[in-house]
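Take a look at the structure set out below.
Throughout, read-outs are computed from the coordinates displayed, never taken from laboratory work. These figures come from a predicted structure and were not determined experimentally. Note: ideal-geometry Cβ built from the backbone for every residue, glycine included; neighbour counts use all protein chains shown.
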Amino acid sequence: MAGLELLSDEGYRVDGRRAGELRKVRARMGVFAQADGSAYLEQGNTKALAVVYGPHEMRGSRSKALHDRALVNCQYSMATFSTGERKRRPHGDRKSSEMTLHLKQTFEAAILTQLYPRSQIDIYVQILQADGGNYCACVNAATLATIDAGIPMRDYVCACSAGFIEDTPLADLNYVEEAAGGPQVALALLPKSDQIALLEMNSRLHEDHLEQVMEAASKACKDMYAVLDQVVRDHVHEVTTLLGE
Amino acid sequence: MLTSRTFLKRTRAGAVMKVVREHYLREDIACGAAACEQCGQQPGEPRLEAQPGGAASSLCPAPHYLLPDTNVLLHQIDILEDPVITNVIVLQTVLQEVRKRSAPVYKRIRDVIASPEKHFYSFTNEHHRETYIEQEQGETANDRNDKAIRVAAKWYDEHLKKINNEETIQVILLTNDRNNKEKAVEEGLTAYTCEEYIKSLIANPDLVDRLACVSDEGKEIESGRIIFSEHLPLSKLQQGIKSGIYFQGTFRANRDNYLEATVWIHGDTEENKEIIIQGLKNLNRAVHEDLVAVELLAKDQWVAPSSVVLQDEGQNEDDDENEEEKENTLKSSVSKNMLRPSGRVVGIIKRNWRPFCGMLSKSQIKEARRHLFTPADRRIPRIRIETRQSSALEGQRIIVAIDGWPRNSRYPNGHFVKNLGTAGDKETETEVLLLEHDVPHQAFSQAVLSFLPKMPWSITEEDMKFREDLRYLCVCSVDPPGCTDIDDALHCRELENGNLEVGVHIADVSHFIRPGNALDQESAKRGTTVYLCEKRIDMVPELLSSNLCSLRSNVDRFAFSCIWEMNHNAEILKTRFTKSVINSKASLTYAEAQMRIDSSSMKDDITTSLRGLNKLAKILKKRRIDNGALTLSSPEVRFHIDSETHDPIDLQTKELKETNSMVEEFMLLANISVAKKIHEEFSEYALLRKHPAPPPSNYDILVKAAKSKNLEIKTDSAKALADTLDKAESPDFPYLNTLLRILATRCMMQAVYFCSGMDNDFHHYGLASPIYTHFTSPIRRYADIIVHRLLAVAIQADSTYPELTDKHKLADLCKNLNYRHKMAQYAQRASVAFHTQLFFKNKGVVNEEAYILFVRKNAIVVLIPKYGLEGTVFFEEKDKPKPNINYNDEVPSLTVEKTTFYTFDKVKVNIMLDASNIQHQKIRMALVEPKILGSDVPNQTTELSTNSEPEKKKKKLKK
């Protein structure tokens, strides 16, 4: 018999969600005092930590400086203990440099970089536990960290993945669903303007289905926005009460 | 909505790995009861009736829902499928376990759940907040699942009490596990065993017979003597297999000796590939086709395969001494070099039981309710069943399923499933041969039919957008008479530049059968349409096969077209594939098409088109044959069936017309073109068909036979074979060439489907093509549907899906397709054999001319060209003195009492029907000419010899 049933006839996925439902999202902002901005985010069992420094002067080679906007420097890494098998993950392997590049592209599109010419913004993200949707968790965590750092952005960047199994688009895939090998779309969206910051797709999907899957992904991104927004508001509220307002 | 989650740990084979998975518990899962107001909106209809009717039970007269546990579902699916049983709650826990343990049962229960009149509801208890439980420390998975079932039952019980109804609906837990039942009763649940409940059904006493008798452990202790040694548990077997103490293999019972079997060892070990198991105790309750673990016996206990024929006939179970005596007869006097590795079965890895066809052997005691059942397949042991309707079942073909084989029982226990009808009836026998060849032939389930297009169906604008409109072309189809599933049509026209455009249009079945749905799964399972003499078992529902997909004339139909531009030398200049809409102008039979081509007066478009095709086909055929394609022959017969009685009244060998080969030629061309295209696009996932070259030794018999007629057959290449076969003719023996071709066919290997990523030999030997696939008959072959999908993706006309690009899944599919095709072929042959029997039954005894096809050690195989019938003539009979037989392997020839037989000799045989064993009727042949001394042959005037005891046919084994 074929392996797991990813979507039961009753409409439940392996972990009990329905097709369009997100995993439970929990997030905290300002987890580190020394960084300019930081956030911790759990999306189901996927846990990501994001730290933002800057904007600050160019470090390292000054020749990289851009005269009209800030340079967004990203670094993605996975903790050795993040997967079932403990594994050393050197920086700069193919997967993580690709992810680094994607994050950079995403945040260059979202941050108002022209406000800080000749300076640099560093975003460091680490996956502490991987259970599918690593990129999305990273983007969401980094968004919170950037907001925590007070760096002006066009909008929140909300990311969520979507897959397509048994003719149904599924939102926010977990590891088991990802591993099944079906098509997968990762979407980073600026929810208010409906602009796409990044769109990536693995494996093949017919264009007829693309619209459905995109719809599911952007719906999921907007759901994610609602959650992130609440987190930010709660955080601000908490900070202001601490300040004694 | 999401409330809480827990973590599950799992270890996988090899390294221990911790896998953490989320598990969401929900509050929005409805209970499925129609009367329930708390559960709010549910997707779809409530499945459980507000006033559960169903069968009246004396145990619980109140309205109730049933809740079966896993074992009840697994073993008593026959009962649950009965229309009497309705309003059943199937828990997710149960479904998942069933899915893991038995795919066929899972499919059946899914079908039942899908049918609205059964009112089955599947409750996702594992994700319900109040019914989810965790596995406790030290608790086995089974105990946990039992507990989960009880918790769910309890929840239902309390939940249903809250419904405002005059009568509360009860939930009845059905479990055969005594422990579980006790615990359930303790917890205040109503629990019955399946047996208790079914017996309490007032109006339906006949259901009891269908109960599977699964003995629980308690019963086993009661009745004393233990015959068999215990089976080792699976974990121990796996350990043993790994360390090499035990061998894993498929158990194959001997057809003629119930005390002997061979086990085919899996894996690549060269030696001990085949282990012999002899004796009841060593066989240790294994049944034909089971996957077993075998222990090799010490060398001094090795035995030789016996040539004795033994049939299990004992009615009494206690005659063990008798048994031992029989076993001793096996061991008598064998030379040392005959000894083969022998072993004994230590455990069963996987049972491969299916329902078996056969007949009841009634117990001698009149009132007895336990009877033995004799399966039609002699490799299956007799099965003990319990039934009260034995007198009604006598002389009927019935189906019985095995439930288990306790250690103290000589025979396995089973239960009655279905009565097929009177033995010897045409419908019954057809049913039997379908079942015995594992041909799925039930009516399509509701779930499958729900994926059919809604009638009246018409082509919409939307459809046209993606298709080329080829309705203006003069397309026609050519098929055998009476064909309703037309899957191919052709056209040919001259282009402005002088070239010819030839199109092969294939029914676009993949448009209607979408990947992954129930319809697709069912067709994939069936694999092929099976054509029997008077019946067709469709692969896809009739609406598709005979209507929407069938390219009938003068209606618009979807097609997948393969269009070539050719010059007048039949060289392909351009190949194009497209999804299209066509409108066939005529559906012709081969004879009609031939007539049009031949008649000089006809000048219409269709005829010109046919003539063009015919001309090209001839060139194509010649080119193919020059490349070394083989023209083989097999005697095929067609029955003329009486339209009233459906009895065969005449036999006719199939006649081939030029138009047959015309259609065939273009089908081959289309298949090859498509094979190239899909392999180019999907080098890893293309589904292709190959025909391996046979090993040279296969040809020995052909070469020897030809030599005896002073002819030389070269077999070093297909081309040489084809050429020498063409030349092999003898002026005074015109039939010789056909005989040689028939013989050559027998030397060939089986053509098979395979996935291009899993193999690197693509060659099709018979067609002399480097690559080949099946594209042209999607209505009747599933392989073609996959090829259509691949091609559609290749030309960007359709979307791919994960399974299509998974070579392991594709390889599994190929395996199933090859199996189904083989079984379909056997079923077809069996059907022909059965009709031949009917034919000769009506005809009486006849003498006919025949040719010797093979010479065996104690018999000759003859072919009767008039009927295309093949049969074996034996020279030894049991009650008669053994004739002096001398077999020469070199020639080969057989000398019986001074008469010598060579291959291809012309003889005269006497044909009659041997009806002495009603389960295995067969055609018997005896030699009339040349006369052999000492063997009296019944001629036409003698009565059917009734003394032919069942032993006679067992001699067949010796070949």
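Structure summary
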{"quantity": "Inter-probe distance in nm under a simple model that places probes 7 Å from Cα toward Cβ, at B:GLU462 and B:ASN569", "calculated": "4.9"}
{"quantity": "Using θ = phi - 60° and Karplus 6.51 cos²θ - 1.76 cosθ + 1.60, couplings along segment B:792-806 (whole Hz; Gly, Pro as x)", "calculated": "4, 5, 4, 9, 6, 9, 8, 9, 8, 9, x, 5, 5, 10, 10"}
{"quantity": "Share of alpha-carbon pairs per 5 Å distance bin for segment A:142-208, given as whole %", "calculated": "4, 15, 23, 19, 15, 12, 8, 4, 1"}
{"quantity": "Relative contact order (%) - segment A:82-202, alpha-carbon pairs under 8 angstrom, separation at least six", "calculated": "24"}
{"quantity": "For segment B:391-469: rounded, prolate or oblate by the Cα gyration tensor [a/c cutoff 1.5]", "calculated": "prolate"}
{"quantity": "Which of A:CYS74, A:CYS138 has the fewest Cβ neighbours within 10 Å, and the rest in rising order", "calculated": "A:CYS74, A:CYS138"}
{"quantity": "Which of B:VAL345, B:VAL752 has the fewest Cβ neighbours within 10 Å, and the rest in rising order", "calculated": "B:VAL752, B:VAL345"}
{"quantity": "Distance cut-off 20 Å, percentage of C-alpha pairs in segment A:96-185 lying past it", "calculated": "42"}
{"quantity": "Cα gyration tensor, segment B:742-791 - rounded (a/c under 1.5), prolate or oblate", "calculated": "oblate"}
{"quantity": "Dimensionless Rg over Rh [segment B:780-826; C-alpha; Kirkwood]", "calculated": "1.05"}
{"quantity": "Unit Cα scatterers, Debye sum, segment B:76-123: log10 I(q)/I(0) for q = 0.29 Å⁻¹", "calculated": "-1.21"}
{"quantity": "At 1.306 mPa s and 10 °C, Stokes diffusion of segment B:436-478 via Kirkwood alpha-carbon radius, µm² per second", "calculated": "108"}
{"quantity": "Chain A: equivalent-ellipsoid semi-axes (sqrt of 5 x gyration tensor eigenvalues, Cα, Å)", "calculated": "31, 20, 18"}
{"quantity": "nm² value of the averaged projected area, convex hull over the Cα atoms of segment A:79-146", "calculated": "5.1"}
{"quantity": "Amide H within-cut-off set for A:ILE165, under 5 Å, with H built and near neighbours excluded", "calculated": "A:LEU170"}
{"quantity": "D_trans [Stokes-Einstein, Kirkwood Rh over alpha-carbon pairs] for segment B:369-521, 25 °C, 0.890 mPa s, µm² s⁻¹", "calculated": "116"}
{"quantity": "Alpha carbon convex hull of segment B:470-540, projected area averaged over orientations, nm²", "calculated": "6.8"}
{"quantity": "Calculated [θ] (222 nm, deg cm²/dmol) that DSSP helices of n ≥ 4 give over the protein assembly as shown, each run adding -39,500 (n - 2.57)", "calculated": "-9000 deg cm²/dmol"}
{"quantity": "Two-decimal log10 I(q)/I(0) for segment A:55-110, as the Debye equation yields it once each C-alpha is a single scatterer, q = 0.17, 0.29 Å⁻¹", "calculated": "-0.69, -1.16"}
{"quantity": "Stokes-Einstein D in µm²/s, Kirkwood radius over Cα pairs - the protein assembly as shown at 37 °C with 0.692 mPa s viscosity", "calculated": "93"}
{"quantity": "For segment B:653-721, average projected area of the Cα convex hull in nm²", "calculated": "7.6"}
{"quantity": "Rg(Cα)/(2.2 N^0.38 Å) for segment B:698-745, N = residue count", "calculated": "1.01"}
{"quantity": "Placed amide H near B:LYS273: partners under 5 Å, 5+ positions off or other chain", "calculated": "none"}
{"quantity": "Spread of Cα-to-Cα distances over 10 Å intervals beginning at zero, given as percent, for segment B:38-140", "calculated": "13, 43, 33, 10, 0"}
{"quantity": "Under 5 Å, built H, 5+ apart or other chain: amide partners of B:GLU130", "calculated": "none"}
{"quantity": "Alpha-carbon gyration tensor eigenvalues x 5, square-rooted, for segment B:69-215, Å", "calculated": "22, 19, 17"}
{"quantity": "Rg/Rh ratio calculated on Cα atoms of segment A:8-89 (Kirkwood radius)", "calculated": "1.14"}
{"quantity": "For segment B:587-631: span of alpha carbons on each principal axis (Å, largest first)", "calculated": "37, 17, 17"}
{"quantity": "Size descriptor, Kirkwood hydrodynamic radius, that averages inverse alpha-carbon separations across segment B:104-191, Å", "calculated": "14.7"}
{"quantity": "Dipole of the protein assembly as shown, positive end: most advanced residue of A:MET214, B:TYR753, B:GLY482 [Cβ charges, Cα centre]", "calculated": "B:TYR753"}
{"quantity": "Of the GluC sites (Glu not before Pro) in segment B:661-696, those whose Cβ has at most 14 other Cβ within 10 Å and which sit in DSSP loop", "calculated": "B:GLU684"}
